[in-house]
There are 2 protein chains.
Amino acid sequence: MRTLKLTLAYDGTAYAGWQVQPGKTTVQGTLEAALSKVTGHFVRVLASGRTDAGVHARGQVVGFQTGSELAPDVLQKALNAVLPPDVAVLDVAEAAEGFHAIRDAVRKRYRYVIHDGPVRDVFGRAYAWHCRRRLDDEAMHRAAQVLSGTHDFSSFETSGAPRVSSVRTVSHISVGRAGDCPVFRPTDATSQNRADRKTGLSPSGDDSSVDEHFLLIDVEADGFLYNMVRTIVGTLVEVGRGAEPEHWVGQVLEATDRRRAGPTAPPEGLFLMQVDY
Amino acid sequence: MRTLKLTLAYDGTAYAGWQVQPGKTTVQGTLEAALSKVTGHFVRVLASGRTDAGVHARGQVVGFQTGSELAPDVLQKALNAVLPPDVAVLDVAEAAEGFHAIRDAVRKRYRYVIHDGPVRDVFGRAYAWHCRRRLDDEAMHRAAQVLSGTHDFSSFETSGAPRVSSVRTVSHISVGRAGDCPVFRPTDATSQNRADRKTGLSPSGDDSSVDEHFLLIDVEADGFLYNMVRTIVGTLVEVGRGAEPEHWVGQVLEATDRRRAGPTAPPEGLFLMQVDY
């Protein structure tokens, strides 16, 4: 038996979350079905962590054991051929025997995307939380810095998920406006890049003056409590919309009481970006 | 009766194109149902042009007449409240009596998005044409310039769509790699922007060295023949993948024969970006 480590991207929109549940379509179930088809035997995978219904991944990591002797790149191509279009295997690598996708993870990074334009973005509707009023991203970024470092994050943990410890170390947290995106917010990046070679009239549709309406909230930590990123985001949005002052976030943290934090942000804006081992 | 001009964005994935067809869900039918509900009378709209099934719009323009006395911004909000999430009204404005969305259009701009990474992008699957092999975007850009200016574009028109003239004037055409996108290709734009204020460790997930795998092809003209952008893109991709030399595009243009051009690129990469009046 070999141990393999697989890196996965998925659009969580159509799934009832990661974990296998009877009668529901889940990402884990979909992946295991594809692996079983490709390897010829039933495969059970272990992911770095579960993601909830509607949550996306750019870099989920799973480990599994297989008797298959297929080379990693062959396995990757075969899996991508049988997986549905909203799940893709980005990488397959040999792992040391005993590799454990949860225990061996040393750091994870999540990104949360907010769209704060007045009109919904039809292309971002499944990939961003739509807040109609413009948020003060500078205030949110400043307010978030109190969460950096080692703290008891009980205030940002959805109850009903008991853990040995709710102390985690946040190594990075930032809030900023997104760069331009070819689909979500198309500016004329192309013709700007090509300005030196441009022929004919310049395109009239120069929307480079349009404000950027996507906020990216990046959080990196050694581990995350249940709903931690979504609760941090819901709390920072209270600051961004002016309902609470910047120093309130520190008070929420110190309270170690979930009832003091803001609401849990919806799942569609959340992306598991990377897991380091 | 007032004449109104409405600017619309839609995700074309779920629609059988723009134009009303019996028994099918179309964008026009969906918009007219919403307008009829909001104005209290049946409304027929005229768009700047039809879009095919799966084609998207960031700036489709439609004109219509209404007896409603609702202010433009009230009408916009009411429409967005009743429209499905994949259609949004970006703007409502009063138009001169006799405004004709087709005849009065002086310039249109389309964007075509290609993803040329080896593994499909799960978030871009409905918004880009996936070409697995990396394309030579510089060669495509150079080859495209022969299409700039006033020409008979018969080679780039799907037959069965007779027109008085197939002469059009392309005022801009460019091919370039896309800037980063928070969802499609997330790099650490945020933490770079915030480098001066960063606390704690820098995020390990620095993927700024990752190649950009999205190509944007922008075409602006005074009008477009049926499938013209998609045929231009299919032709340029032949150059980009090295199957044809750069000067071949000029030969295709001069031939005024659709059989000489490349294949028609699929609809999901195409966006109607802007219509000027």
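The values are calculated or read from the model by the stated rules, or taken from the named source; none is laboratory data. The structure presented is a predicted model; accordingly, all values stated were derived computationally and were not measured. For neighbour counting, all protein chains shown are included, and Cβ atoms are generated from backbone atoms with ideal geometry for every residue, glycine included.
Here are a few things to note about the model shown:
Residue-by-condition table, conditions (1) within 12 Å of chain B (Cβ to nearest Cβ); (2) touching a His at 6+ places or on another chain (Cβ under 9 Å); (3) in contact (Cβ under 8 Å) with a residue 60 or more places away in the chain:
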| position | (1), (2), (3) |
| --- | --- |
| A:ASP86 | yes, no, yes |
| A:ALA96 | no, no, yes |
| A:ILE102 | no, no, no |
| A:LYS108 | yes, no, yes |
| A:TYR112 | yes, no, yes |
| A:ASP121 | yes, yes, yes |
| A:ALA126 | yes, yes, yes |
| A:CYS131 | no, yes, yes |
| A:VAL146 | yes, yes, yes |
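- Scope region B:102-134; condition more than 18 Å from B:PHE271 (Cβ to Cβ), crowded, with 18+ Cβ neighbours inside 10 Å and touching a strand residue (DSSP E or B) at 6+ places or on another chain (Cβ under 6 Å); matching residues: B:ARG120, B:VAL122
- Inclusion of A:THR7 among residues that are loosely packed, with under 15 Cβ neighbours inside 10 Å, modelled with pLDDT of 95 or more, over 30 Å from B:ALA78 (Cα atoms) and among the polar types (S, T, N, Q) is not warranted.
- In region A:71-82, the count of residues that are within 25 Å of A:PRO266 (Cα to Cα), in contact (Cβ under 8 Å) with a residue 24 or more places away in the chain and in a helix (DSSP H, G or I) is zero.
- Filtered residue count, region B:60-90, keeping only those that are within 23 Å of B:THR26 (Cβ to Cβ), of a type in the set (Val, Ile, Thr) and surrounded by fewer than 17 Cβ atoms within 10 Å (Cβ to Cβ): 1
- Single residue of region B:252-277 satisfying the filter (among the aliphatic types (A, V, I, L, M) and more than 17 Å from the chain's Cα centre (by Cα)) that is surrounded by the most Cβ atoms within 10 Å (Cβ to Cβ): B:VAL252
- In this structure, A:LYS5 does not satisfy being part of a loop (DSSP other than H, G, I, E, B), basic (Lys, Arg) and away from chain B (no Cβ under 14 Å).
- Pick from region A:16-31, criterion touching a Ser or Thr at 6+ places or on another chain (Cβ under 7 Å) and farther than 18 Å from A:ARG230 by Cα, ranking: surrounded by the fewest Cβ atoms within 10 Å (Cβ to Cβ): A:GLN19
- Flag if A:GLY63 is more than 14 Å from every other protein chain (Cβ to nearest Cβ) and at pLDDT below 95: no
- Residue match in region B:32-47 (condition: at pLDDT 95 or above, in contact with a helix residue (DSSP H, G or I) (Cβ under 9 Å, 6 or more places away or on another chain), within 13 Å of chain A (Cβ to nearest Cβ) and surrounded by fewer than 18 Cβ atoms within 10 Å (Cβ to Cβ)): no
- Residue check, B:VAL249 at pLDDT 90 or above, crowded, with 22+ Cβ neighbours inside 10 Å, touching a Phe, Trp or Tyr at 6+ places or on another chain (Cβ under 8 Å) and more than 7 Å from chain A (Cβ to nearest Cβ): no
- Residues in region A:240-256 that are closer than 19 Å to A:MET228 by Cα and of a type in the set (Gly, Ala, Ser): A:GLY240, A:GLY250, A:ALA255.
- Candidate set: region A:148-178, residues that are within 11 Å of chain B (Cβ to nearest Cβ) and either in contact with a Pro (Cβ under 9 Å, 6 or more places away or on another chain) or of a type in the set (S, T, N, Q) (or both); chosen: the one farthest from A:GLY117 (Cα to Cα): A:THR150
- B:SER204 touching a Pro at 6+ places or on another chain (Cβ under 8 Å), at pLDDT below 85 and either more than 24 Å from B:TYR10 (Cβ to Cβ) or outside the structural domain of B:SER159 (by TED's automatic domain parsing) (or both): no
- Meets criteria (assigned to a helix (DSSP H, G or I) and either over 17 Å from the mean Cα position of the chain (by Cα) or assigned by TED's automatic domain parsing to the domain that holds A:ALA53 (or both)) for A:VAL249: yes
- Hits in region B:210-223 - residues which are crowded, with 22+ Cβ neighbours inside 10 Å and either within 24 Å of B:ALA101 (Cβ to Cβ) or among the aliphatic types (A, V, I, L, M) (or both): B:LEU215, B:LEU216, B:ILE217, B:ASP218, B:VAL219, B:GLU220, B:ALA221
- Filtered by the rule that a residue be aliphatic (A, V, I, L, M) and touching a strand residue (DSSP E or B) at 6+ places or on another chain (Cβ under 9 Å), region B:2-28 gives B:LEU4, B:LEU6, B:LEU8, B:ALA9, B:VAL27.
- Evaluation of A:ALA93 against the conditions (1) part of a strand (DSSP E or B); (2) out of contact with any Cys (no Cβ under 7 Å at 6 or more places or on another chain); (3) buried (at least 16 other Cβ atoms within 10 Å of the Cβ) shows that the sole unmet condition is (3).
- Reported count of residues in region B:10-42, each being under 18 Å from B:ASP73 (Cβ atoms) and free of Cβ contacts under 8 Å to residues at least 40 places away in the same chain, is 1.
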